[in-house]
Amino acid sequence: MKWIGLIAVVLTGALLLSAVGDFPDFGDPKSPANGGVGDFSVSQYYITHTEQDTKVPNVVTAVLADYRGYDTMFETTVIFIAGIGIIAILRSHPPGGRRGPAHPIDATVDGDHQRIIIGITCRIMIPIIQIFALYVVAHGHHSPGGGFQGGVMLGASFILIGLSRDLQAALARFSERRFIVLACLGVAIYAGFGLLCLLLERNFLDYGVLDGFFHTDPVMARSHGIFAVEVGVAFTVTAIMFAIYANLSSKGRLDEGL
Amino acid sequence: MIVAFDIIILIFLVITAVISLRVRDLLGATMVLSIYSFLMCLLWAEMGAVDVAFTEAAVGAGVSTVFLIATIYHTRRHSSD
């Protein structure tokens, strides 16, 4: 059995490596992605037209949330389904109702010192992490970042509360009801803005038609539309990241964590 | 794109990938995997894909390491195979 596996892996690897030889060189201006087929080149179109089409300087964000908005919408849905799946598999309620922490808090002098150092450091760091995460979400048009990265950082800040204190302290700030509602709300915001465009008689996720809604011209409306769906992505990712941690670290009981 | 830098990172990538598979201590393997993610992030940043590098740093090196440690904490620390 081991030999069959090894042969399969070696054959697949050889096939992949032989396919790598057919790739165009890195940064080759004549490759299909850069030079295009015939006169039309996709990447040239994005590089030259993104600024006029959407007023977004960061081409990556514009491609991700506007030109290929469908793709990002279903990526968000994949994360949502993954999180809901983990909650559905792991979440369980202890039979005896809610009890206090099983092992008492380490009250020795040495343990106390460690708790103080970690507690104070995290208390200072968490607001900075959260402000930076919001900046990454809001500034995704101009600099690297966007909904996914900012959402992961925001979720990680709540995970840090759970790690540095205990899961109850994190759940007091971000309860189970709240993260499930937030996860659903994020997907609903994304799909809702797409549907709004459809109701205004344009294509799904064609934000240009929302100029009346945002009180701007159609070009700026696409920029605002990108921001709106990025906020939706950030909501879902934040909630799901924390939900996965809370369920994994407490075996789905959401009582004490690590 | 600096070729020498690329080659150094790629060599370390292969080394960390092999180590993370061979190490029997699962916590150690997780740490090595997090180093692998960080090297991957460096490689993306060096190739000019800053958005991808950012995601790799946040998800690969950051949160997924925490998830793996949280899981290992509730299972056994040593691999049986």
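The values are calculated or read from the model by the stated rules, or taken from the named source; none is laboratory data. This one's a predicted model, so the numbers in the text were calculated from it and none came from an experiment. Because the Cβ atoms are built from the backbone with ideal geometry, glycine has one as well, and the counts that use them run over all protein chains shown. Surface areas here come from the heavy atoms of the whole protein model, side chains and all, with no ligands, DNA or RNA. Shrake-Rupley method; radii C 1.70, N 1.55, O 1.52, S 1.80 Å.
Could you tell me whether the stretch B:53-64 includes any residue that is under 24 Å from residue A:25 (Cβ atoms), at pLDDT 90 or above, within 14 Å of another protein chain (Cβ to nearest Cβ) and surrounded by 15 or more Cβ atoms within 10 Å (Cβ to Cβ)? Yes - at least one qualifying residue is present in the stretch B:53-64.
Give the residue that is surrounded by the fewest Cβ atoms within 10 Å (Cβ to Cβ), with candidates limited to residues of the stretch A:156-168 that are over 20 Å from the mean Cα position of the chain (by Cα) and within 11 Å of chain B (Cβ to nearest Cβ). Even if it seems obvious, please write down each step before you answer.
Taking the stretch A:156-168 first, the residues over 20 Å from the mean Cα position of the chain (by Cα) are A:163-168.
Filter once more, keeping what is within 11 Å of chain B (Cβ to nearest Cβ): A:163, A:167.
Details: A:163: 20, A:167: 22.
That would be A:163.
Just for the stretch A:83-118: of the residues that are at pLDDT 85 or above and surrounded by 12 or more Cβ atoms within 10 Å (Cβ to Cβ), which one is nearest to the chain's Cα centre (by Cα)? That would be A:83. Can you tell me which residues in the stretch A:205-258 are touching a Ser or Thr at 6+ places or on another chain (Cβ under 6 Å) and small (Gly, Ala, Ser)? Once the filter is applied, which keeps residues that are touching a Ser or Thr at 6+ places or on another chain (Cβ under 6 Å) and small (Gly, Ala, Ser), the stretch A:205-258 yields A:223, A:252, A:257.
Counting residues in the stretch B:68-81 that are within 14 Å of chain A (Cβ to nearest Cβ), surrounded by 18 or more Cβ atoms within 10 Å (Cβ to Cβ) and without any contact (Cβ under 8 Å) to a residue 12 or more places away in the chain gives one or more.
Kindly check whether there is at least one residue in the stretch A:43-50 that is within 24 Å of the chain's Cα centre (by Cα) and modelled with pLDDT under 90. I'd like the intermediate steps shown before the answer.
First, pick out the residues of the stretch A:43-50 that are within 24 Å of the chain's Cα centre (by Cα): A:46, A:50.
With the extra rule that they be modelled with pLDDT under 90, the set shrinks to A:46, A:50.
Yes, the conditions are met somewhere in the stretch A:43-50.
Residues of the stretch B:21-30 include at least one that is within 14 Å of chain A (Cβ to nearest Cβ) and open to solvent by 60 Å² or more (accessible area, probe 1.4 Å).
So for the stretch A:143-155 (the condition being open to solvent by less than 10 Å² (accessible area, probe 1.4 Å), at positive phi and facing chain B (nearest Cβ under 8 Å)), does at least one residue qualify? Checked the stretch A:143-155: at least one residue is open to solvent by less than 10 Å² (accessible area, probe 1.4 Å), at positive phi and facing chain B (nearest Cβ under 8 Å).
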